[in-house]
Amino acid sequence: MEIAGNKKIDPLKLYYTKEYYKDISAHEVIGFPKILLLQASSYCNFTCIMCRRRNHLPEREKTGLGEGNMSLRLVEKLVDECRGEKGFLGFHFAEYGEPLMNPEMMSIISSISKAGLNSQIVTNGYYLDDEMCRSLIEAGLSKIKISFQGATPEKYRFWRNNDHYDHVVRNVLNLVRIRDESRSRLFVQVGTSSCDDTEEDLYKFIEFWKDIVDHVYWNYTALLHIKDNSVIDSLKILRQAPKKTERCNDPFLRMTIVWNGMVTQCVSDEENFIGNLNKQTIKDIWNSREMNKNRKVILEKGNCLTHCEYCTSQPEETRSYTYRYE
């Protein structure tokens with residue numbers, strides 16, 4: 001991780017920039033994924049209205065995937081396979097569950113850090129008490145993103161289906177304080193997706209966080225997967241993430257791994273498995289017939305795999321990754 005004076009540089013910034021896609025052409029497949037997207041835990045302490053986890057719960061029943069936490073042993077195996085891979089950016093823990101519910105999370109992060117690799121957690125921020133903050137820093141976490149939903153306590157209450165907005169704000173402020181006191185290199189990011197916030201409220205959200213955390217952003221809420229849900233019929237929807245029309249880059253750039261080591265077609269899919277990392281290597285699956293079949297479909301027919309119909313992209317206005325110190 002680079003640091004220019006007191007100004008921190010996102011260790012995974014490349015993942016969000018156009019440069020990230022520069023190695024991809026219509027007929028080129030890189031030899032190793034740029035990033036591993038892992039489901040540290042399939043459990044979550046929130047029941048957010050817009051979250052696709054609600055859709056995945058019956059799928060998990062049907063496929064037998066069930067619920068669980070990713071094991072330290074599996075992550076250690078993946079770490080060994082990622083050592084020395086040129087162009088590999090790191091481990092990204094998200095995937096429709098709360099990573100901090102995994103009891104082995106600190107050991108998982110530590111194993112990645114000791115190997116000289118980057119790790120990122122996306123969290124709802126509820127569990128970031130003093131002990132958790134210090135443990136994450138001591139384990140060597142590279143980056144943490146705290147996700148809100150809605151720019152105000154009122155919008156958050158509706159979408160998150162709870163009243164924890166102020167609690168999470170206090171936790172993030174405390175995390176930054178502990179990070180700074182310990183002189184940690186942890187990169188702290190805050191973001192929210194928005195459907196019915198006013199422009200004024202979004203501006204206030206950004207203004208509040210921009211001089212506290214290392215990066216703050218907002219984007220559009222994805223609603224295609226709940227478009228028939230009566231709970232949003234009465235909303236005044238001001239913005240929503242549009243259906244993805246550009247060719248999907250996921251099969252060419254990153255690998256999605258659910259809690260038990262199974263590899264899925266993409267980030268939005270928990271039904272179609274194309275490999276098992278308990279029995280195979282990352283390279284075996286990355287270069288497998290199943291992966292190449294999906295790539296061929298995307299290249300020749302566009303986004304027509306399972307769940308593609310619900311996949312969204314972000315408008316250009318929300319894609320800015322400009323930092324306050326640049």
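The values are calculated or read from the model by the stated rules, or taken from the named source; none is laboratory data. Predicted, not measured: the structure shown is a model, and the values here were computed from it. So basically every Cβ, Gly included, is an ideal-geometry build from the backbone, and we count neighbours across all protein chains shown. These accessible areas exclude ligands, DNA and RNA; they are computed on the full protein's heavy atoms, side chains included. Shrake-Rupley method; radii C 1.70, N 1.55, O 1.52, S 1.80 Å.
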Review point. Is it fair to say Asp180 is acidic (Asp, Glu) and assigned to a loop (DSSP other than H, G, I, E, B)?
Key: no
Check your understanding: Mind checking which residues of the range 258-275 are out of contact with any helix residue (DSSP H, G or I) (no Cβ under 8 Å at 6 or more places or on another chain) and open to solvent by less than 40 Å² (accessible area, probe 1.4 Å)?
Key -> Val258, Thr264, Asp269
Study note, to complete from the structure: Considering the range 79-102, residues that are part of a loop (DSSP other than H, G, I, E, B) and out of contact with any strand residue (DSSP E or B) (no Cβ under 7 Å at 6 or more places or on another chain), and then whichever is most open to solvent (accessible area, probe 1.4 Å), we arrive at Lys86
Practice item. Any residue in the range 207-223 that's over 19 Å from Ala241 (Cα atoms): show its pairings with residues that are open to solvent by less than 30 Å² (accessible area, probe 1.4 Å) and in a loop (DSSP other than H, G, I, E, B) at Cβ separation under 6 Å, as long as the two are six or more apart or on different chains. Key: His215/Tyr323
Point to revise | Of all residues making up the range 110-121, the number that are under 20 Å from Asp180 (Cα atoms) and not small (Gly, Ala, Ser) | key: 3
Study note, to complete from the structure: Residues of the range 142-159 being farther than 30 Å from Leu117 by Cβ and either open to solvent by 20 Å² or more (accessible area, probe 1.4 Å) or assigned to a loop (DSSP other than H, G, I, E, B) (or both), in sequence order, are Gly150, Ala151, Thr152, Pro153, Glu154, Lys155, Arg157, Phe158
Practice item. Check Val188 against each of (1) assigned to a helix (DSSP H, G or I); (2) surrounded by 18 or more Cβ atoms within 10 Å (Cβ to Cβ) and name the one condition it does not meet. Key: (1)
Point to revise | Filter pass, Val75 being among the β-branched types (Val, Ile, Thr) and not in a loop (DSSP other than H, G, I, E, B) | key: yes
Review point. Is it the case that Ile232 is at pLDDT below 85 and surrounded by 14 or more Cβ atoms within 10 Å (Cβ to Cβ)?
Key: yes
Review point. Would you call Glu67 charged (D, E, K, R) and more than 26 Å from His164 (Cα to Cα)?
Key: no
Exercise for review: State which residue pairs qualify: first residue farther than 29 Å from Phe46 by Cα and modelled with pLDDT of 95 or more and inside the range 77-99, second residue in a loop (DSSP other than H, G, I, E, B) and among the β-branched types (Val, Ile, Thr) in any location, beta carbons under 8 Å apart, and separation of 6 or more residues or different chains.
Suggested key: Glu81/Thr281
